[in-house]
Amino acid sequence: MDVDADAARRFLVTRHMLAPARSLDGGSDGVLEVFRRLGSVQFDPLAVAGRNHDLVLHARVAAYDPVWCERLYERRELFEAYNKGLSLVQTSEFPWFRAPWLGASSSVGPPRILAEHADIAEQVLERIRAHGPLSALDFERRHGSLVDWFGAPTNIVRAVLEAYAATGVLALARRDGNRRYYDLIERLLPPEILVRKVPLREQLRHKLLSRYRAHGLLGIGGGGDIFNGLGPAKPDPRWPGHPGRTALREEVIEAGELVAVSVEGVPGRRFVLRDEVALLETPPEPPASVAFLPPFDYVWELFVPPAKRRWGWYVLPILYRDRFVGRIEPRIERDERRVRVLDLWWEASFDPRRDEAFVEAMRSALSAYLHFARASGVEWAAHLGTERRLFREAGGRARSARPTA
């Protein structure tokens, strides 16, 4: 199937529920609809401009309030699982996301941690059995006891807790800020969910398809960790019964569950789910709408030394209709109930002053973002006077920061 670049863009914004932005009805039903369509949403606790999963939901659900997602989590309608990265997934999908390292050899990953530190692992498990949800800080820190946990030196107790979660013994009971509390999984999820056993191959097929569902027009490679948690590309004796990602992908293509697509100007094959082909053939024209999206497609510059940053510390792409037109660096000041806009960057081919529909859509997006941030006004950096005047109706009160020396 061949498509031109314009059709691919229209398809992506439509299937990602961004045409227009914030179009799903508010409340927990709207949140669950995002999970039903995308499968999972990556979790990140960093909240400078809003946590990653909240930004994803804010862009799609009208008047989104983070409390809606938190309540679903507290009611165990959502749980945390590794699907590429740490993600939120509907609890009904647990049988397919059960213990990604279950069945792996004790010489690799989390099973290796549990085997090499069996005495500590048993002590940790016994305390949780006896006392309920505990965090790593509830255990005595073992002086100098660090292990390699996916490339980072980590305290043994924390590594053991995460290894138990990765092998399906424990799960996250709650979070207190960035502090994680673990409990036995049978205390957290309903027995009818836990009792269902899905064969490994079916789990892997489901998770592989979930990556294509979450992205849209994903290829066979992709950067970084897109296919993390799906095991090796080829059969490996350390993963008994695993066919390898390559064979698994060819299997779902042969079954017609994934359809190959060639996109104008984009190298390599891309794939869509079978039930998305009709949309890709005739994608609708997107209305005038602006969404602020979580950072992606480039390195988060919060990990880059300030002198080497091209943009800012935590910058959100600005989507207008079906194109990225700029970037915004907002900072939520919760104690002061305001949003500071530290900077804005426009694409070279885009002038916001020449598009009245964009100005109105940007004002609407800023007003929605203020509601999301529970802020009463915007403070613009001193050098953004043009933008402050252009978008001044958003959120009512807007002011300019004084230049600092």
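Since every read-out is calculated from the coordinates, none of them should be taken as a lab result. Treat the numbers as computed from the prediction; the structure is a model and nothing was measured. A quick note on method: Cβ atoms are made from the backbone with ideal geometry, for glycine too, and the neighbour counts reach across all protein chains shown.
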- line: With label points set 7 Å from each Cα along the Cα-to-Cβ direction at ASP119 and HIS131, the distance between them in nm comes to 2.0 nm
message: Once the convex hull of the alpha carbons of segment 290-400 is built, what does its volume come to per residue, in cubic angstrom?
response: 110 Å³
query: Which lysines does LYS207 reach when only Cα atoms under 23 Å apart count, and residues fewer than 8 places away in its own chain are ignored?
result: LYS84, LYS197, LYS234
message: I want to verify a result. In a Gaussian network model of the chain, Cα cutoff 10 Å, which of these has the top mean-square fluctuation: LEU302, LEU366, LEU170?
response: LEU302
- prompt: Using the alpha-carbon atoms, what tilt in degrees (0 to 90, nearest 10) does helix 5-15 show relative to the longest principal axis of the chain?
  reply: 70 degrees
message: Contact order normalised by length for the chain, with contacts defined as Cα pairs under 8 Å and 6 or more residues apart; what percent is it?
response: 17 percent
statement: Kirkwood-based Rg/Rh on the Cα set of the chain evaluates to 0.98
- request: Please give the helix 28-38 orientation as an angle from the longest Cα principal axis of the chain, in degrees from 0 to 90, rounded to the nearest 10.
  value: 70 degrees
field: Cα-projected label distance for ASP29 with ARG309, points at 7 Å along beta-carbon direction, nm
entry: 4.2 nm
task: Arrange VAL13, VAL359 by Cβ neighbour counts within 10 Å, fewest through most, would you?
output: VAL359, VAL13
message: Can I get the semi-axes of segment 154-231's equivalent ellipsoid? Compute them from the C-alpha gyration tensor as square roots of 5 times the eigenvalues, in angstrom, largest first.
response: 27, 19, 12
- request: Enter the angle in degrees (range 0 to 90, nearest 10) between the Cα long axis of helix 156-166 and the first principal axis of the Cα atoms of the chain, meaning the one along which they spread out most.
  value: 80 degrees
- line: Note, segment 279-288: 3J(HN,Hα) by Karplus (6.51, -1.76, 1.60, θ = phi - 60°), whole Hz, Gly/Pro = x, goes 5, 5, 6, 9, x, x, 6, x, x, 5
statement: Taking alpha-carbon centroids only, segment 305-321 lies from segment 37-51 a number of Å equal to 17 Å
query: Short version: ³J(HN,Hα) in whole Hz for each residue of segment 169-175, in order, from phi by Karplus 6.51 cos²θ - 1.76 cosθ + 1.60 (θ = phi - 60°), x for Gly and Pro, what are they?
result: 8, 10, 8, 6, 8, 6, 10
- request: Kindly write out, for segment 182-188 in residue order, the coupling ³J(HN,Hα) from the Karplus curve 6.51 cos²θ - 1.76 cosθ + 1.60 (θ = phi - 60°), rounded to whole Hz, with x marking Gly and Pro.
  value: 10, 9, 4, 5, 6, 8, 10
query: By how many nm would the segment from GLU74 to THR282 lengthen if fully extended, with 0.36 nm per residue of separation less the alpha-carbon distance?
result: 70.9 nm
